[in-house]
Structure formats: C-alpha cells, structure tokens
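The block underneath contains the structure these notes are about, expressed in structure tokens.
The values are calculated or read from the model by the stated rules, or taken from the named source; none is laboratory data. Here the structure is a predicted model, which is why all the values come from computation and not from measurement. Counting neighbours? That spans all protein chains shown, and the Cβs are built from the backbone with ideal geometry, glycine included. Side chains are part of the model used for accessible areas, which takes the heavy atoms of the whole protein and leaves out ligands, DNA and RNA. Shrake-Rupley method; radii C 1.70, N 1.55, O 1.52, S 1.80 Å.
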Amino acid sequence: MGSQPPDRSDLYRDHVSKHDEVRAGAKFGAWIDGETHTTDDTVAVYDPVIDEQMLTVPDCTATEVDAAVTAAWDAFDRTWESTVPRDRSSLLFEWADTLEDHLEELTLLECLDCGKPISQAQGEIEGAIDTLEYYASVCRAQRGSEAPAATDLHLYMKHEPYGVVGQIVPWNYPLWAAAWKLGPALAAGNACVLKPSSETPLSTIRAAQLSADIFPDGVLNVITGSGSTAGQSLAEHDDVRKVSFTGSTDVGSGVMQAAADRVAPVTLELGGKSPFIVFPDADLDKVVDAVADGIFYSTGEICDALSRALVHESIVDEFTERFVEKAESYVLGDPLDEATTMGPLTSEDQFRTVTDYIETGREEATLLCGGGRPDDPALADGWYVEPTVFGDVSNDMTIAQEEIFGPVQTINTFADYDEAISLANDTKYGLAAGIGTERTSRVHQTADDLDAGLVYVNEYGPILPEAPYGGFKQSGFGKDLGLEALDHYRRTKSVYVNLDDPSL
Ligand code: NAD
C-alpha cells in the first residue's frame, strides 16, 4: 500500500496515488449511532484494476450488529417514531443534497472499489441521489384510509413503520442498491441497519458519514464485514423486525430461513438469467445496442443482465455478425479514463467464476468472440475479461441456465412465437426480459406472456425510482423502488372505533 515501484505502469501509479487520496480523505469504518466504529479484525478492500489493497474496514461480528440494532431502536424510540412525513422528507432531501455536493468523491470511491467506468459510476451515484429525492417526495404523500362499513363505526386503516429493519446489499452497484433500501425504509419511518458487501463498502460508508448532523444518531447504521458473520447476525437478530436482502438466490434463501425462525417478513431481490427475444421485424440498429448494453454494462455484473439472446432463425446470422462486432468494440481500460467502456470484474473470486463458465461454454457451445483476458500489459494485474459471445447454444446448457454475472452472452434461435416464449420462460429465474420488435401489438402480447418482473422493449433500462423493481420465481419477491417499496417497510393497522354509545 502506498509504495510505487518505478517499473509499474502509469495506470498502476495513478491508482496507487488515488488510494492515497482516498485514505487521506475519510476514515472508513462501520457507522453505528452516528459514529465511526473500528474493530481489531478487518477485511481488506481491493482495487480490482490493479489488484492492490486500498484499505481495510472492520470485520463486524454479532457484537457490532447488536450495538447497531440497539442504537437503531434507541433512536426510533427516542425521536424517530414521533417524526411526521414532512420531517423525514426534509431530512431525506437534505441528505440527497449533501451527497450531490460530494458527487465527485462518491463517484471516485465507486469507480475504484468496483472497477466501474467512471461515467457509469457517476450515473449510479446520481441514480442513488435521485432515488432518495423520489422517496423524499413521495414521503409526504403517505396517508391511510377509511372504510364506510357501518353507520355506528369509524373504521380506519393507518400505516406504521416496523421500527428497526435490516438491509443487506451486494457489490455490483453498491450505493445505488443501498439507496433503493434506505430511501423507502427511512421515508416510512424506520431506523435502519444496512450491511454493504465486504467487496465494495466504501461509497455506502461515506454516504452514511455524510448523513451525520442530518438524521438523529442511530437512525442510519452501516455494518461492514463478511456475509457469513455480519450478514448472518443481522438476518438472525431477534430485534430486527423486517429484512430486505439483495444478492444471490442461495444466500437469499438462507436469509429467508433465518428470518422465518422469528416470523420476520423478508423482501428478496435475487439472481437472474434474463432473455432478450429478437423478433424478425426488430430494428437491429436499436436492438443490437440494447442487447449489448443488457449484458456488457458494468462488465455484465448486473442482476437483470439480458444474458440470453433468443433470436429468430431468419435473422440470426445478421444479428450475430453485428452483435460480435459490437462486443469487440468495447474499450477495456482504466475505469478512471473517460474513453473506457468496460472495466474489470470486481473481484478475483468473480473473475474465477466467470472464467470457469467460459471454459464450460467452450465445451458446450461455439465461442464467437472474446473468452480471454485483454492483451494490454497495463491491464494484466486487473480482473479483466473480454466481452464474450457464444453461438450454437441450446437452452439446457449450463451457460444458458446458470447466472454467470459477467460479460458473457449466449445466442440461441427460435422458429416461432410459442417457441420464443417457451425458451424465454424456461429458467428457474424471472427477474427481467427484453423484447426487440417494431410491432406494438407484439410488445404487449409478449410482455404479458413473459414470466418476469421487468420487461425492457427495444432497449436496456433505464431503471427509475418510479417503477417497482424485482423478480418472479427464484429471482425473489417483494419489490425495491416505486411506491410498492414503501409498503414493504410499513405495517397496516385497522382501527375499529365503535360510535354507538358516545356516553361511555
Ligand atoms: P451474495 O448473495 O453473495 O451477497 C449479497 C450480500 O449478502 C452481501 O452483502 C454479502 O456479504 C451478504 N451475505 C453473504 N452471506 C450471507 C449470509 N449467510 N447471511 C446474510 N448475508 C450474507 O451476492 P453478491 O455476490 O454480493 O451479488 C451478486 C448476486 O446478487 C447475483 O446473484 C445478482 O443477480 C444478485 N443481485 C440481485 C439484484 C436484484 O435486484 N434482483 C440486484 C443486484 C444483485
């Protein structure tokens, strides 16, 4: 850390000097009760571009989780429970404004921590801020209802927060994912304990620090450390009344079991293996870009990656030629360089996972492009993988069924509409799907027939806070974003007020 051997590339030296800048800027620890908290045991945080440790963060255990949950309940009981939506709205706006003032700093952290191209990192931080502003806005529109069920009865329904909620997020878009959880939970009146991934905790820690002097101490807590210890302790904690988890299906299922022991509700946003159906009338000028964005954005480390292109057999040759050309046009390089359009994978583990799948793909199907590491010696230390495309894929292959979470696309063909729908839905997941067609009626029919929680037509994204986000089947249940996410952080109480004898 901090040393700059003279034989290293400019890229290496630039990154090491950025690490120095990050270390000089803030002290990164868990954020509990409005203070930075350290532990003797730590977890290293790496820069995946040069595979160097940037810094360490606390490896929290059940002790720190318990301290955070206690602080959150204290804050809830002391002040937060008696706030009204207008109070919470104005604090959320203030926090969003403060994050906006630190946009450059947060973008740099996200870029270094994840290896995301800087424009993508900035777009995601802006997305996080936009999400908080959305919940600051809709916060004040919350209200209950009344049912005219009987003349001698005033029957009304009100919403209440759970109290303290636990939130666990993955490493692929750290602060954006955190905002999807914190925005609605705080707007609904809960105090939060959030655990970012141990791979990419920096932007979330910093954003929490920037909430000091805005939220009362203890309302927003961040626990760092491993999933198996800190994450598990949070999911299992008796005083956490609701758990919202985003991550893999296997871990999500375990979180659900941990919460089941005390009958705490869960929201699960899990993995995917999403199809993009390219109909024969698709405008390939738009759709090739849409499918490429859907698998190569963020180096394919996207839960709703459109990783299975299902292309009508009459246009598969033209689609494949244009898609491979597009895949080969990505610029792999330093994420800090504006010209870079694809960074490395976020960790060595993920690199091993993706390259293992590529080896499986070589055995199962036909490699059309990519499949290796880039030639540029300056990128040799980073976890880079070329954009990779497989043809001659059938839906029962491993690479067509399992989530790879990397820049690996499969191309499969279909002969008619029914086959397209059947292939698209032939997966245990149901997070997202794409449709490429110029026919409006086909759009609606196909959107109806797809078993997925999100449908993108002729493009990938954008993901906006106005629309609920979440999957079907083993991609989870419950929603992030939209007004629906507020409902996931509120309980509804029905109050029967008997009016028949006012003298009593
Ligand atoms: P992961 O399941 O390994 O980890 C997710 C989070 O859970 C991390 O913070 C991790 O530390 C924590 N964790 C790990 N073990 C735990 C345990 N036993 N108890 C409690 N918490 C634990 O997932 P990941 O590798 O960080 O992220 C990639 C996965 O996330 C992919 O499957 C991707 O599809 C999914 N994802 C889904 C969405 C969505 O909205 N559906 C969004 C982003 C990512």
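Can you pull out the strands (runs of 3 or more DSSP E) entirely within region 221-301 that have at least 2 residues that are in contact (Cβ under 8 Å) with a residue 24 or more places away in the chain, buried (at least 22 other Cβ atoms within 10 Å of the Cβ) and within 12 Å of the ligand (Cβ to nearest atom)? Walk me through how you get there before you give the answer.
Working: elements: 242-246, 266-269, 275-278.
In region 221-301, 242-246, 266-269 are the strands (runs of 3 or more DSSP E) which contain 2 or more residues that are in contact (Cβ under 8 Å) with a residue 24 or more places away in the chain, buried (at least 22 other Cβ atoms within 10 Å of the Cβ) and within 12 Å of the ligand (Cβ to nearest atom).
Against the numbered list (1) open to solvent by 10 Å² or more (accessible area, probe 1.4 Å); (2) within 30 Å of residue 446 (Cα to Cα); (3) not in a loop (DSSP other than H, G, I, E, B), residue 389 comes up short only at (1). Taken together, the residues in region 175-204 that are crowded, with 24+ Cβ neighbours inside 10 Å, within 13 Å of the ligand (Cβ to nearest atom) and not small (Gly, Ala, Ser) amount to 10.
Determine whether residue 49 is closer than 22 Å to residue 114 by Cα and outside any helix (DSSP H, G or I). When the stated conditions are applied, residue 49 passes them. Any residue at all in region 79-92 that is aromatic (Phe, Trp, Tyr), open to solvent by 10 Å² or more (accessible area, probe 1.4 Å) and touching a residue at least 12 places away in the same chain (Cβ under 8 Å)? No, because not a single residue in region 79-92 is aromatic (Phe, Trp, Tyr), open to solvent by 10 Å² or more (accessible area, probe 1.4 Å) and touching a residue at least 12 places away in the same chain (Cβ under 8 Å). What about residue 108, is it open to solvent by less than 10 Å² (accessible area, probe 1.4 Å), on the phi < 0 side of the Ramachandran plot and either within 13 Å of the ligand (Cβ to nearest atom) or of a type outside the set (Lys, Arg) (or both)? Criteria not met by residue 108.
Answer with yes or no whether residue 374 is out of contact with any Lys or Arg (no Cβ under 9 Å at 6 or more places or on another chain), assigned to a loop (DSSP other than H, G, I, E, B) and either touching a residue at least 60 places away in the same chain (Cβ under 8 Å) or of a type in the set (Val, Ile, Thr) (or both).
On the way: out of contact with any Lys or Arg (no Cβ under 9 Å at 6 or more places or on another chain): yes; assigned to a loop (DSSP other than H, G, I, E, B): yes; either touching a residue at least 60 places away in the same chain (Cβ under 8 Å) or of a type in the set (Val, Ile, Thr) (or both): no.
So residue 374 fails the test.
For residue 399, the requirement of being in a strand (DSSP E or B) and buried (at least 21 other Cβ atoms within 10 Å of the Cβ) is not met.
Within region 185-220, can you find the residues that are outside any loop (DSSP other than H, G, I, E, B), over 22 Å from residue 25 (Cβ atoms) and touching a strand residue (DSSP E or B) at 6+ places or on another chain (Cβ under 9 Å)?
Taking region 185-220 and keeping what is outside any loop (DSSP other than H, G, I, E, B), we get 185-187, 191-195, 202-209, 220.
In the following step, the residues that additionally are over 22 Å from residue 25 (Cβ atoms) were identified as 185-187, 191-193, 195.
Scanning region 185-220 gives 185, 186, 191, 192, 193, 195.
Listed by first and then second residue, the pairs linking a residue in region 169-198 that is under 12 Å from residue 127 (Cβ atoms) to a residue that is in a loop (DSSP other than H, G, I, E, B) and open to solvent by less than 10 Å² (accessible area, probe 1.4 Å), with Cβ atoms under 6 Å apart and 6 or more places separating them unless they lie on different chains, are 174/196; 174/200; 177/169; 178/169; 180/481.
Regarding residue 72, is this residue surrounded by fewer than 20 Cβ atoms within 10 Å (Cβ to Cβ) and modelled with pLDDT of 95 or more? Before you say what the answer is, go through the steps one by one.
On the way: surrounded by fewer than 20 Cβ atoms within 10 Å (Cβ to Cβ): no; modelled with pLDDT of 95 or more: yes.
No: the conditions fail for residue 72.
Just one of the listed residues (469, 496) is modelled with pLDDT of 95 or more, away from the ligand (no atom under 15 Å from the Cβ) and either within 28 Å of residue 141 (Cα to Cα) or surrounded by fewer than 16 Cβ atoms within 10 Å (Cβ to Cβ) (or both), namely 496.
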